[in-house]
1. When both residues are 6+ apart or on different chains and their Cβ atoms are under 9 Å apart, which pairs have a first residue that lies in region 254-273 and is among the acidic types (Asp, Glu), and a second that is part of a helix (DSSP H, G or I) and modelled with pLDDT of 85 or more?
2. Could you tell me how many of the residues in region 266-277 are modelled with pLDDT of 75 or more and surrounded by 15 or more Cβ atoms within 10 Å (Cβ to Cβ)?
3. Could you please tell me which pairs satisfy a Cβ distance under 9 Å, a separation of 6+ or placement on different chains, a first residue in region 159-173 that is farther than 16 Å from Ala269 by Cα and in contact (Cβ under 8 Å) with a residue 24 or more places away in the chain, and a second residue that is open to solvent by 20 Å² or more (accessible area, probe 1.4 Å) and among the β-branched types (Val, Ile, Thr)?
4. Check whether at least one residue in region 47-55 is touching a Gly at 6+ places or on another chain (Cβ under 6 Å) and either surrounded by 21 or more Cβ atoms within 10 Å (Cβ to Cβ) or modelled with pLDDT of 95 or more (or both), and report yes or no.
5. Looking at this structure, is Arg63 open to solvent by less than 20 Å² (accessible area, probe 1.4 Å), within 24 Å of Gly91 (Cα to Cα), among the basic types (Lys, Arg) and modelled with pLDDT of 60 or more?
6. Condition first: under 12 Å from Glu232 (Cβ atoms) and crowded, with 19+ Cβ neighbours inside 10 Å. Now tell me which residues in region 173-190 satisfy that.
7. Out of all the residues in region 223-236, is one or more open to solvent by 10 Å² or more (accessible area, probe 1.4 Å), modelled with pLDDT of 85 or more and over 24 Å from Arg187 (Cβ atoms)?
8. Among the listed residues Thr43, Thr81, Thr87, which satisfies the condition of being out of contact with any Gly (no Cβ under 9 Å at 6 or more places or on another chain), among the hydroxyl-bearing types (Ser, Thr, Tyr) and open to solvent by 50 Å² or more (accessible area, probe 1.4 Å)?
Amino acid sequence: MLPIRATIPTTDEFRALFAAYRRGTDVDVAAVDVALGEEPDPTLLDLLAEPFASVEDVADRLRRAEAYLRERDDRRAVFLTVYARMTGAVGDAIEANFFADDEWVKAYLVAFAERYRRALVAFERREFDALPRAWLLGFAAAVRGEGLVLQDALSGINAHITYDLTYTLRDVGIDPNRGRKRADHDRINAVLARLVAAVQEALVAVYDAAGVAAAEALFDPLDDRLMLLGLEGSREFAWRNAVLLADLPAWLGERYVGWRTHTASTGAAALVLAPRIDAETRSALKEAEDDVLTLTAFHDELERRLPPPVPDE
C-alpha cells in the first residue's frame, strides 16, 4: 500500500495550481450557447452517440469526429488531432506486442476514450453541469475561439490526463498484478512522449511557416508554470490517485482524490488559458492563426512528423 504521506500535495507546483483554481474559473454559459449555435449538432452527436466498443472503433470514430470538426473550422478539432494520433500510436504498439498485458491496455485505451466521448457529447448537448470543470473550460474556450491553437491542444490534454485518467484507471482496475499493469502504464508514457514532441514541433513549424519567428517563445511560460501538464508528471499524478482509490477506504479515497483531481485539473486549465505571454507575441501568433488554415495546417504537419509506433527500449 502506498503511504498516505507520499501523495500529499506539498510542491510549489501544486500550490500554484491551487492558487489558479481559487482565482476563479467562471464560464460565460450564454456566450458558449451563442458560439455553439441554437441546436446541438446532430451529425456530431450521431457519430458519438454509442459507447466505444473496441480499439478499432475508437480509432475510427475519433478520426472521423476530428475530420468533421476540422472541416467546420471548429477548434475542438485541435485536441482531437492530437488525441486521435495518440490513440493510434498506442493501438499500433499493442499490435507490435509492446505491452505485457495487451488485454488490459486495450481496456484502458477504450475506457479512456469513453471518458472523452461522454464529455464531448455532454458539452454538445449543453449539459454543462455534468462536465468536469477542466473540460468545460477547455471546450468553452475552443468554441469561442478566444485562445491560441496551442492552448486548445494543451487544455484538452490537461483535462483528459489530469482528470479523466484517474477515473479510467479506476474503471479498468490496477489490480491484480499491479506491478505488471504499472509497467504497461509506463510503456504508454514512452509511446506518447515521442508523439508529444512531434506535436510541439508541428505547432512551431505551422507558426514559423506563417512568418512568426518567435513561436517557440509561446512554450516557455507554459512549460515553466505547469508541472502537472508535463506528460509523465500528469500520468504519474493519475496513477497515484488510482492507488489511493484502490487502497484507501472508499469514504476517504473518493473525497480526497475527488478534491485533488478537480483542483489540479481546474487550476491547470486556468493557467493554460491565461498564460503570461507578452502582448506583442500573442498578437503575432493570433494574426498568423487568422491568416492561415491553422487547423488543417496543424493536422497535415503533424501527420508528416509522426514517429514510428514503437520506441526503442
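1. Final answer for the pair search is Glu254/Leu245.
2. Number satisfying all stated conditions: 8.
3. Val172/Val110
4. yes
5. So Arg63 fails the test.
6. Scanning region 173-190 gives His185, Ile188.
7. Within region 223-236, none of the residues are open to solvent by 10 Å² or more (accessible area, probe 1.4 Å), modelled with pLDDT of 85 or more and over 24 Å from Arg187 (Cβ atoms).
8. Thr43
The values are calculated or read from the model by the stated rules, or taken from the named source; none is laboratory data. Not measured: the values here are computed from a predicted model. Cβ: placed from backbone, ideal geometry, glycine included. Neighbour counts: every protein chain shown. Accessible surface areas use protein heavy atoms only, side chains included; no ligands, DNA or RNA. Shrake-Rupley method; radii C 1.70, N 1.55, O 1.52, S 1.80 Å.
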